[in-house]
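The values are calculated or read from the model by the stated rules, or taken from the named source; none is laboratory data. These figures come from a predicted structure and were not determined experimentally. Here Cβ is always computed from backbone atoms with ideal geometry, including for glycine, and neighbour counts include all displayed protein chains. Each accessible area value is taken on the protein alone, full model and side chains, heavy atoms only, with ligands, DNA and RNA left out. Shrake-Rupley method; radii C 1.70, N 1.55, O 1.52, S 1.80 Å.
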Amino acid sequence: MSLVAGPGRGGLGDGQFSQNPKLCVDKHVAYIQSLDQRRDELDYWLTEHLRVSGIYWGLTALHLLGHPDALPRDDLLKYIISCFCDDGGFGAAPGHDSHMLYTLSAVQVLVTLDALEEFEQQIPRGKDKIGRFIADLQNRESGTFAGDRWGEEDTRFMFAGLLALSLLHLKHLVDIDKCVQYVKSCQNFDGAYGVSPGAESHSARVYTCVGTLALAGRLDAADTDALAGWLSERQLPNGGLNGRPEKLEDVCYSWWVLSSMAMIGRLHWIDKDRLTSFIFQCQDPENGGIADRPGDMVDVFHTHFGLAGLSLLGQPGLAEVDPTYCMPKQVVERVLNG
Amino acid sequence: MASHGVSRPAVAAVKSEQARRQELAEIEKYKSLSELVNKKKAENDLSLDALDLTTKLVSLNPEYYTLWNYRRLILLRLFEQEQGNGGSTGSEATDALSPRQQVVEELITADLQFLIPLFFKNPKCYWLWNHRDWLLQQAQAQLPPVTALKLWQGELSLVGKMLSLDSRNFHGWGYRRTVIAKLEQLQDTNMAESEFEYTTKVIKASLSNFSAWHYRGNLIPRLLDSCQADSTTRRKRLNDEFKFIEQALWTDPYDQSLWGYHQLLILNIVPTAGRQSFVSDLTNSERLDLLEREFKGTRDLLEGAEKCKWIYQALLQYAELYLELDASNRLFTTQDLRHWLDQLKELDTLRTGRWNDLEKKLNL
């Protein structure tokens, strides 16, 4: 089961995009469904290390598009379970080592499929094992998280760990106050966050830090107006958002930036119409899928984050997305309130 | 991870039969190599031969993170084997390498070398940085300090080269901070001054390199602390930095990187909660004078750049700070604030919601 490989082939040249673009729902659904059938492309094999995340991106995109059942549920579930490792984490594909990033994707997929019980039928005490795997990766002194046993620490892993634990109702296994302290130490004078203390502010890191604060119930620790000001400056005249000052726009920042703005209640500080139109122009109207920029190759990563961004912008016809969990809001509510 | 910046062909590309066959052949080659490596891994084969196989496969696909993990397991075993072969007889305390350490050093150096062309081909691949970091940690754990130091010094020139190719590379700047911290630790020195000079050089090459401005801003407190700067020196540094950035702003007031740095300096005049200034003993009247000077300087920039939204934005932000320091404001009128905000709304239609909120906040 692969939903990673296969940038859309062909498509239209520059100048042919902007004529009255609209959301190509059916094309995107067909594009995502086609991804597992591209074994005759080298890219399919070269992206094996992303399979579980690919399923998360594809499945979430389908839910947002209103076609949650467009992929065979049993196959997805079987595949995800086949990526479970003895240490309690998930690898990106069967035989791949466990890692925080794929553990989060796997948990997100299990939850979206409402399959945690089935998972536990096959892996007794599976949820606890996952919880233990994640909790053991926290550095109890600094609060940071490693991605795996090899020790690379990163705010991505902190956020991923907390997010997965939150979905499993196991947040109590880690020291959340330490996480908040660490996030604060990554804050720069501009109100935004870098990857580690002293590192330059970066939109994707802002998402992991603000997301951590949101999960910790500590959004009060953010310097809201300065941060939102910095985030709003990410919008460029063509409507797209960039990751840092003086960099190019990219559809995936529609998520990192917008979700952060939504969490701190400042979504109205950018021009929604122009961003919507930018994302529309990144679609491949013929073969489906969304690219980083108009005219580029599409892939499922940008398709997912483009649609999630559009959902936050209130695009009619899309299901609502949760800005912290990056999952359908309905699913998150079922899990957290259920 | 995903296809960033890969152009989509204007015409639907149909692969020729030959190209298709070639791709299938490549797939077969990749798959069989991958199967072989995975078989070895499943058998816990930690031999030099297995290492060579991972070299081949990871060269084809450096994102295949499990291979790097496997590679580290093999290297650890090879390090241990050399330990088992004897030779670690007390010489580890000295600078000379024992036979075991020589082998460890060779393995580590070879792997560091192996990574370099991969970096230049995949400058954004996290796993490569991760593995490099691990190798250097091993060097520190297994080799005499002087050898580890030599390796870390090599890293500084590597990261310099990487940043000269892509002066905004996020990983590159992060790695530079790591390397410097390590070199400072190993040599028990402070490199803030030479790093500060490095940022001057990089900024002079390109004013809009915000990464360099950011780094510079973070270096200043360290630089001043390292030489136990007195309050005069600290004030001079602040003024010199203002001069430097103002020169740059006169060159290009439309460059937001420059405004970022100007803002950082301003926040050192008026420190906010939880953030210390590098001139911590400014009196209130000094603060007002400095802010007034910078405010006027910013206002002067409007001449010939009346359509530059950054200037209005800065004026409004600094005006707010000024009002917090001195409510009896002589520097600008409410009418000025109104005018600047109107200009901003007209020039910056992307952020109308933000300026509307500011309008309410300023009670205009």
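At a glance:
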item	result
Pair B:S226, B:E35: separation of 7 Å Cα→Cβ label points (nm)	5.6 nm
Buried accessible area, chains B and A (both chains, 1.4 Å probe, Å² to nearest 100)	5700 Å²
Accessible-area composition of region B:201-256, carbon plus sulfur, in percent [1.4 Å probe]	51 percent
Rounded percent of accessible protein surface that carbon and sulfur make up, region A:25-337, 1.4 Å probe	47 percent
Minimum 30 Å² accessible area buried by the other protein chains, region B:167-187 residues, probe 1.4 Å, relative to alone	B:R168, B:F170, B:R177
Computed P(r) (all Cα pairs; the protein assembly as shown; 20 Å bins; percent)	16, 48, 31, 5, 0
Cα-only Debye scattering, chain A: base-10 log of I(q)/I(0) at q = 0.09, 0.11 Å⁻¹	-0.45, -0.68
Degrees between helix B:334-347 axis and first principal axis of chain B (Cα, 0 to 90, nearest 10)	40 degrees
Tail weight of P(r) past 25 Å, computed on alpha-carbon pairs of region B:203-364, percent	33 percent
Rg(Cα)/(2.2 N^0.38 Å) for region A:83-229, N = residue count	1.06
Shielded by partner chains, region A:243-265 residues - at least 50 Å² of accessible area, 1.4 Å probe, vs chain alone	A:R244, A:P245, A:E246
Distance (nanometres) between label positions extended 7 Å along Cα→Cβ at B:F114 and B:E324	5.3 nm
By accessible area with a 1.4 Å probe, ligands and nucleic acids excluded, highest first: order of B:L265, A:L318	A:L318, B:L265
Accessible heavy-atom area order of A:H202, A:H302, B:H339, highest first, probe of 1.4 Å	B:H339, A:H202, A:H302
Degrees, to the nearest 10: B:170-187 long Cα axis against longest axis of chain B	80 degrees
Chain B: Cα Rg divided by the 2.2 N^0.38 Å rule of thumb	1.35
Chain lengthening between B:N284 and B:D188 when straightened (0.36 nm per residue, less Cα-Cα)	30.8 nm
For region A:109-194: Kirkwood Rh in Å [reciprocal of mean 1/r, alpha carbons]	13.9 Å
Highest to lowest packing among A:320-331, B:286-297, scored as the average C-beta count within 10 Å	A:320-331, B:286-297
Cβ neighbours within 10 Å from other chains - mean over A:41-48	6
Helix-only CD estimate at 222 nm, as mean residue ellipticity for the protein assembly as shown, using -39500 (n - 2.57) per DSSP H run (n ≥ 4)	-19500 deg cm²/dmol
Using alpha-carbon coordinates, inclination of helix B:145-165 to the longest axis of chain B, degrees	60 degrees
Added length on full extension, which subtracts the Cα-Cα distance from 0.36 nm per residue, A:D273 to A:L219	16.7 nm
Calculated log₁₀ intensity ratio I(q)/I(0) where the Debye formula runs over C-alpha points of region A:281-338, q = 0.18 Å⁻¹	-0.64
Chain-alone versus full-assembly comparison, region B:322-358, residues with accessible loss of at least 20 Å² (1.4 Å probe)	B:T349, B:L350, B:R351, B:G353, B:R354, B:D357
Accessible carbon and sulfur surface of region B:302-347 relative to its total accessible area, %, 1.4 Å	47 percent
Share of Cα-Cα pairs in region A:60-109 lying beyond 15 Å, as whole percent	47 percent
Largest to smallest accessible area among A:K22, B:K161 [probe 1.4 Å]	A:K22, B:K161
Accessible area of the protein assembly as shown divided out per residue, in Å², using a probe of 1.4 angstrom	41 Å²
